[in-house]
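For reference, the structure is listed below as structure tokens.
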Amino acid sequence: MTVAERRFRPQFDVAFKAWLATDPFTNPNAPKGPTYMPQYVVPGQNQSAAYDNTADALYAEGSQDGSNSDNYVRTTAFLASVLFLIGISGHFRVRSARIGLIVVGGAILAVSVVLLITLPKPFF
């Protein structure tokens, strides 16, 4: 046991000595081990919490950026459908069909323009 004790980190050594003071081998109410003692301080715990908070903030930012990207792709698909509808409208012989496709394309274009105006502006 003394070989292991010499290799303990200082934080663990303090907790180990406090745990031994509770007489863990005969006291059934003693903590399970030195790591359960209030004297044991996990090294790097504060730094880990700071990294965790930074990671949470970056994850939220990434999620929002992903959502913005999805909205831009959706709007691009709407604009492509406008080009498609206007492009095929000239192939119909019936004038009302051509006008109907142009009107539908114009409505989708109007919705797309409104979506583009409301989306956050990209940064480079």
Just to be sure I understand, how many residues within the range 20-70 are acidic (Asp, Glu) and closer than 20 Å to Phe124 by Cα?
3
Please tell me if Thr54 is over 22 Å from Thr2 (Cα atoms) and touching a Ser or Thr at 6+ places or on another chain (Cβ under 6 Å).
no
Name the pairs whose Cβ atoms lie under 6 Å apart, with the first residue in the range 26-46 and outside the structural domain of Phe8 (by TED's automatic domain parsing), the second of a type in the set (D, E, K, R) and at pLDDT below 85, and 6 or more positions between them or separate chains?
none
So for the range 86-96 (the condition being surrounded by 10 or more Cβ atoms within 10 Å (Cβ to Cβ), farther than 30 Å from Leu109 by Cα and without any contact (Cβ under 8 Å) to a residue 24 or more places away in the chain), does at least one residue qualify?
no
Helices (runs of 4 or more DSSP H) contained in the range 1-105 and holding at least 2 residues among the hydrophobic types (A, V, I, L, M, F, W, C) and under 41 Å from the mean Cα position of the chain (by Cα):
10-21, 45-89
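The values are calculated or read from the model by the stated rules, or taken from the named source; none is laboratory data. Owing to the predicted nature of the structure, the values given are computational and were not obtained by experimental measurement. Methodologically, a virtual Cβ is constructed for each residue, glycine included, from the backbone with ideal geometry; neighbour enumeration extends over all protein chains shown.
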